[in-house]
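> Could you have a look at this structure, given as structure tokens, before my questions?
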Amino acid sequence: MSFSVLAMVSCDKDDTPDPLNAVVDVIIQDNKTDAGTRYGLVIYATANYELKSVKVTGPGTTPQVYQLTATADKRQYVFKMATGDYTAALPTKGDYTFEVTSTNDEKITVKDVVGDEKLAPIAIKTAAMASQKLKTTWDKLTGCDAYLVNFYSANKAELLFQSTILASDKVEYEFGATTSGWATGKSPVANTNYVVELLGVKYETGVTTDKGNNYQFITLDSKTIKWE
């Protein structure tokens, strides 16, 4: 999943700074457990200036409040629900309200709507090396709008490679050391363990543009492989 940081727009002729602007997304994500599928939230906010804080208030009469934390790029804040907090029921649907505050104390309010649409759990069918390339296959998932393949260090602490958004009719993806999508300065090392992750994505209902910032639901599966 990729959320691009908004580009800084040049000032107008009168040198008036551009106002604070933010792209936000609240996403339901699944987790397969021995007790069945559980659901949680991943929340993003990306702005055109460095941020001081991002608070999100969920829908309902007794709403949940989520405090996002800064990434390495201080223009992006993230909340990832702890696995233990995932539940058998889907998160509450409705408007999630973002209070975004810049380091200059400029404040804006942005909303993102969360529905109750979901996908069945996705599963990696095969993930195998051949001719110094990793090929991942899966079965087509009903209702899925797109797929994505991520490649991490063995402990998943570092995202090393990310595919482009793959069409809904794709059932395989192959990449190697020279494929576009590697993080700057990163490449695979032979006889080293990594984690390949497959995501199935459902976009928010009615969204026709900027789909990458309007995910409704993500289902994922992962597998440890040795690069050869």
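> Translational diffusion coefficient of the chain at 4 °C, 1.567 mPa s, Stokes-Einstein with Kirkwood Rh over Cα pairs, in µm²/s as a whole number. Could you put the intermediate results ahead of the total?
Values: Rh = 19.1 Å.
So the translational diffusion coefficient is about 68 µm²/s.
> Another question about this same structure. State to the nearest 20 debye the size of the charge dipole of the range 124-227 about its Cα centre, where the only charges are +1 on K and R beta carbons and -1 on D and E beta carbons. Show your work: numbers first, answer last.
On the way: 11 positive and 10 negative charges, 66 e Å.
Value, rounded to 20: 320 debye.
> Once you place label points 7 Å from the Cα toward the Cβ at N155 and S222, how far apart are they in nm?
In this crude spin-label approximation the distance works out to 1.3 nm.
> Continuing with this model, one more query. Less than 14 Å Cβ to Cβ from I218, Lys/Arg counted +1 and Asp/Glu -1: what total charge do the surrounding residues give? Please report the intermediate quantities before stating the final value.
Working: positive: K32, R38, K80, K118, K202, K211; negative: D25, D30, E117, D145, E197, E204, D221.
Spelling it out: positives minus negatives among the neighbours equals -1.
> Can you flag which of K32/K140; K93/K125; K32/K223 are past 24 Å Cα-Cα? Write out the running numbers ahead of the final one.
Working: K32/K140 18 Å; K93/K125 32 Å; K32/K223 13 Å.
K93/K125, as the Cα separations exceed 24 Å there.
> List, in order, the whole-Hz ³J(HN,Hα) value for each residue of the range 150-167 obtained from phi through the Karplus relation with A = 6.51, B = -1.76, C = 1.60 and θ = phi - 60°; use x for Gly and Pro.
10, 9, 10, 4, 4, 9, 6, 6, 9, 7, 9, 8, 9, 6, 6, 5, 9, 5
> On to the next question. Excluding residues on the same chain fewer than 8 positions from K111, give the aspartates and glutamates whose Cα lies under 19 Å from its Cα.
By straight Cα distance, K111 reaches D25, D95, E99, E204, D210.
> Of T142, Y194, I122, which is farthest along the charge dipole of the range 100-228 in the positive direction, counting Lys and Arg as +1 and Asp and Glu as -1 at C-beta?
Result: Y194, furthest along the dipole toward the positive end.
> Of K74/K118; K156/K186; K170/K202, which sit over 26 Å apart, Cα to Cα?
Working: K74/K118 31 Å; K156/K186 15 Å; K170/K202 14 Å.
Where the Cα-Cα span goes over 26 Å, the pairs concerned are K74/K118.
> Using a cut-off of under 12 Å, list every residue of the range 19-44 whose amide N is near the label point 7 Å from the Cα of D210 along the Cα-to-beta-carbon line.
Inside the label zone: 21-25.
> May I ask which residue of V78, N214, A177 lies farthest towards the positive end of the charge dipole of the chain, with charges of +1 (Lys, Arg) and -1 (Asp, Glu) on Cβ and the Cα centre as origin?
In the chain, that residue is A177.
> A123: net charge of surrounding residues, Cβ under 11 Å, Lys/Arg +1, Asp/Glu -1, itself excluded? Write down the numbers at each step before the final one.
Details: positive: K32, K125, K223; negative: D139, D221.
It works out to a net charge of +1.
Laboratory data are not the source of any read-out in this text; all were calculated from the coordinates shown. It should be emphasised that the depicted structure is a prediction, and the values quoted were computed from it without experimental measurement. Heads up, the Cβs are rebuilt from the backbone with ideal geometry, glycines too, and the neighbour counts pull from every protein chain shown.
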